[in-house]
Structure formats: C-alpha cells, structure tokens
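The structure appears below as structure tokens.
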Amino acid sequence: MLLMWVAGLALGWAGVYTFLQMTTTADENIHVLPAFVCKEISWFNERVFELGRQFPTALKTWFSVGSVVAAVGMTVGTAYVTWTLIMLVVQKLVSVQVDVPLSDASIMIPGVTMPMNATVYLWATVFLAVSFHEFGHALAAALCEIRIKSVGIFFAVVFPGAYVRFDSYYNVGLLDQIKIQSAGIWHNSILCLLCFCQLQLLPFYLSPFFDLNQGMTVISIPEMSAFEGIVSLGDVIISVDHQPTLNWGQWRAEIDNLAKLVETKDAKDHGYCIPMALLQVHQSAMTESSCCRPDTDSDAECFTYNNGAHTTCLDGKEVGDLSTTRCHARIEGTCGETRVCVTPRIESMQTLIRLAFQDGRVVMLHGFPADLHAELEVMEYTTQMSPLWWIQVPTSLHRFWSFLLNISGTIGFFNALPIHYFDGSHLCASYLTYLVADERRRQQWLTAFLYFGDAVVLSTFVLRLV
C-alpha cells in the first residue's frame, strides 16, 4: 500500500511539474521545483504592516507574553523529547516495559495511517495552522517597523503551507528579535487553546439539533464490511450484549472487554437470559448438540448453560429476540425462575454479539468483537433528521477542530525545539547572545545545542519506527 502511494505521488508530481514548466512564465511569481510549487503575492504587505502599527501597546504586551511562552516551551519541550528518548532506549535495549511518552503518535499519511476521506481536513488544517504561524511573525515584524517583502503560498509533497519574507530584523533590539522569533510559536499556542475551547463547547453548539448520550450513530461503513446489509448509516446502537453503549466511554469499554475476552477464553463469562421453554423445545427437537462439534457446519449457534455443564444448539436470532437481560454464567439466579442463562461459545476468536438499536431492532452477529471498532465508524450524537449529510455534521466539526489542534500543536512544538531550520534555532541564538558575551564561545554553544536537538529528535523518530 505504501509503495503504491509513493509511486502514485511521484507520477502525479511528475505530471504537475511538466505542466507548470510548460505553461508558467517568469513574471507570474510562481516557483516550480520537484514536488514543490509556490506562488508569491504582495497585496498583503501593506495591510499587515498597517495592522502592526495600529495597536502598538496591546501588540507589545501580546508578543511579550508570547516570548515567555516560547521560552518555557523550548525548555519543557526539550526535556520532554529527551525523556521520551531515554524511555525508548530503556525499552529497546533492556526489554523493560515502561510508559513511553508519545507512544501513540504517528505520522499522518493519507491512505496509509489515516483514511483518504480525511485528506481534506489535513490539508485545510495544515494550511490554516501554518498561515496563522506565519501571520504571527509578520505582525510582530510590522510592530518593529520591519516591512514585509512578500507572502508565499506553497504545496510541498502532500502538504500545503505558507511563508512570509520580510527585511532583515537583526538591526532591531535583541528583545524585539525574540518577539519576532517567538510570534509563530505563540500564535500556534493560541490556536490550540481556541481549538480546545471549541471542542469543549461543541456539545453546547449542537444541542438544539443533536442529542448526546442517547446512543452511538453509525456514520460510515466500509465496502465489503461484515456489517454491510446488516447495519445501515444512521442506525443508532443503544447496547451491545445488553450493556448500554450510550456514549464513547461505554462503547469502547464494552468492545475492548469483548475483544480481550475472545483472546483468552473458550466461552463468554456473560450470556443472555432466555425463556426456559425455548431451551426445552430445542432439547426435545435435538438428540445431540451437533453444532457444538468443531467438524460440523451448522446455522445454529452453540451455547452452554448450567455453569458450562451442558451444551445446546439454538437459533442465534431467536436468542437475541427473546433475551431480556444480560446474565453471568457463574452467578446463579440472575435470570429468575422462568428463564435460563445461556452463554455463546468462542471459537477462533469469534463469538455471538447482540446489538440493540434505538428503533427496537435486535441484530445477532457472529464475528470478531474488534470489527465493531474497525468496520463501524460511530459518533455519540443522535438526531431525528435523516439526511446523511446532516448526520455527518458533528463528526466533521469534531474532526476539523481535532485536526487543527493536533497540527497547530505539532508545528508549535517542533518550532520551539532547538533544532536546525526551525524557529527554535533562531531563538536559541538570541538567548545565547543575551547570556554569553564572547562570540566564539557563543557559536560553540549554539552549535552544540542545535546538534544535540537534532540528534535527540532524529533518534526518537527512528526508535519510534523500529
């Protein structure tokens, strides 16, 4: 999959490169390189410059706070990445299980580590986060009477972005230089705060149109899924095996519990309360539990009862329809006097799963519990309106703000680190200028810090991959 993705990307860029080289002229301010195209514009220049001079007192305070945040970010970020590297080394070399920071982090590659339908969110949020980062630099430069030369919009490999070119700022004071260098990191931090607030307020915004904690709405089913034709888009699942799944916490907890169960046991530790008469009918109709034999192909499902002492073959759908509550196989009396607790067998990590829907339907599935995570995309909002585009609104908003939070945080985080080609390298040079008077020693310290930062980040990245 990855090789196909890389090959398709290379062919696509080859076509784009050839087309732009043949059709663009030198006076269009379009720069074309392999896997990179950029357009420079200048009509933002005066607007940003005037904006930076309109509120000088407020902006000075704003960027002064930003310079403090960037300094704290560099200190904390460097310590965090260094600690992550130490934990990774301990885990790899000593073979000791330790909690590694950033253990769930992954590179976002459309079609590889994330679904292709999320590519639009990735592009939009990368562009917004980078643009707001560069706007911070431009505004801080304008505050210091530094004019902008141009604003560039680019597309590199698979990511869009933006940059700002302005006159040299080394003729202004050192503190003003730090403000300019810190402005992008500061703006990314503010954008993260905005995204976090939007995510927290999202249920309030959606409350007039969507209900929360009323069930899990199915919003996507992949092609060739085991649930295709059984579960439809817009269906609201309210319980799994009689266990309420009205929100994310309940949904994940129950599926994770089932997934662990099928990996370690031969039968579920919970089952379904069915009328004792149903069991008696099947017992009289069958002389043996043929479906419970591993070499028998049968439409019936194998169940155990009386604490696993007996087995019987039952119609799974009938069990689901007549089941009234969840029961535990090892606890007697959980079903009452007129009902019996039957527990389905686990075979090849597959078992029977009961799904109950808000409209009263019940579906009995025989499969892998983990498929509920992998093949059903659900959300914890429900609505009475049925158009499919409307059902997608909460997920789209949540995904947009989540992507923007992660992307902006990542950009700000790496720019705060003392590594080459990022804002942190310029900040580190400015801090050393303020602290170390001797230029030769200052350059030595700067080189040491930057190569240390490069080594830590690169080593962490490599160890995360292996």
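Nothing in this text is a laboratory measurement; each read-out follows from the coordinates by a stated rule. On a predicted model such as this, the values are computed, not experimentally measured, just so you know. Cβ coordinates were reconstructed from backbone atoms using ideal geometry, including for glycine residues, and neighbour counts include every protein chain displayed.
Compute the signed sum of charges (Lys and Arg +1, Asp and Glu -1) over the other residues within less than 13 Å, Cβ to Cβ, of GLY234. Each step should come with its number before you reach the end.
Working: positive: ARG361; negative: ASP235, ASP359, GLU377.
Spelling it out: positives minus negatives among the neighbours equals -2.
Is the shape of the range 322-466 best called rounded, prolate or oblate, per the rule: a/c under 1.5 gives rounded, else a/b larger than b/c gives prolate, else oblate, with a ≥ b ≥ c the square roots of the Cα gyration tensor eigenvalues?
prolate
Work out from phi, with θ = phi - 60° and the Karplus expression 6.51 cos²θ - 1.76 cosθ + 1.60, the ³J(HN,Hα) of each residue of the range 137-153, listed in order in whole Hz, and give x for Gly and Pro.
The phi angles translate into 4, 5, 5, 5, 5, 5, 4, 8, 6, 9, 7, 7, 7, 6, 10, x, 10 Hz.
Just the Cα atoms of the range 178-221, one point each, no solvent: what log10 I(q)/I(0) does Debye give at q = 0.16, 0.19, 0.21 Å⁻¹?
-0.63, -0.72, -0.79
Using only Cα atoms, figure out Rg for the range 135-272 and give it as a multiple of 2.2 N^0.38 Å.
Dividing the Cα Rg of the range 135-272 by 2.2 N^0.38 Å gives 1.81.
What list of ³J(HN,Hα) values in whole Hz, one per residue of the range 384-399 in order, does the Karplus curve 6.51 cos²θ - 1.76 cosθ + 1.60 (θ = phi - 60°) give from phi, with Gly and Pro shown as x?
8, 7, 9, x, 5, 5, 6, 4, 7, 4, x, 5, 4, 5, 5, 5
Show me, for the range 203-210, the HN-Hα J-couplings you get by feeding each phi into the Karplus relation (A = 6.51, B = -1.76, C = 1.60, θ = phi - 60°), rounded to Hz, glycine and proline as x.
Listing the rounded values in order: x, 5, 4, 8, 4, x, 10, 10 Hz.
Which residues' amide hydrogens lie under 5 Å from the amide hydrogen of PHE422, considering only partners 5 or more residues apart or on another chain, with H built in the peptide plane?
none
Would you kindly enumerate the cysteines in the chain that have no other Cys beta-carbon under 4.7 Å from their beta-carbon?
Singleton cysteines: CYS38, CYS144, CYS192, CYS195, CYS197, CYS428.
In whole Å, how far is the Cα centre of the range 328-375 from that of the range 147-194?
So the two Cα centres are separated by 56 Å.
So which chymotrypsin sites (Phe, Trp or Tyr not before Pro) in the range 111-178 are both in a DSSP loop and have at most 16 other Cβ atoms within 10 Å of their Cβ?
Here the chymotrypsin sites (Phe, Trp or Tyr not before Pro) that fit, given the DSSP loop and packing criteria, are TYR170.
Is the shape of the range 322-367 rounded, prolate or oblate, going by the alpha carbon gyration tensor and its root eigenvalues a ≥ b ≥ c, with a/c under 1.5 for rounded and a/b larger than b/c for prolate? Intermediate results must be reported in sequence, preceding the final value.
Working: a/c = 3.00, a/b = 1.17, b/c = 2.56.
Cα axes put the range 322-367 in the oblate bin.
Taking just the alpha carbons, could you work out the radius of gyration and Dmax for the chain, both in angstroms?
Gyration radius and largest Cα-Cα distance of the chain: 29.9, 97 Å.
What residues have an amide H closer than 5 Å to that of GLN243, excluding those fewer than 5 places away on the same chain, when H is modeled at 1.01 Å from N in the peptide plane?
The answer is none.
Pull up the cross-link candidates among the lysines for LYS149, meaning alpha carbon to alpha carbon under 17 Å and not fewer than 8 places away within one chain.
Within reach: LYS39.
Could you please rank ILE30, ILE255, ILE180, ILE411, placing first whichever residue has the fewest other Cβ atoms within 10 Å of its Cβ?
The order, fewest Cβ neighbours first, is ILE30, ILE255, ILE411, ILE180.
Of all beta bridges DSSP finds with both residues in the range 214-382, what is the antiparallel percent, to the nearest 5?
95
Describe numerically, in nm with one decimal, the distance between label points set 7 Å from Cα along Cα→Cβ at GLN443 and at LEU11.
Each label point lies 7 Å from its Cα, and together they span 5.0 nm.
Quick one: which residues, 5+ away or cross-chain, put their amide H under 5 Å from the amide H of ARG339? H built at 1.01 Å from N.
Hits under the 5 Å cutoff: MET276.
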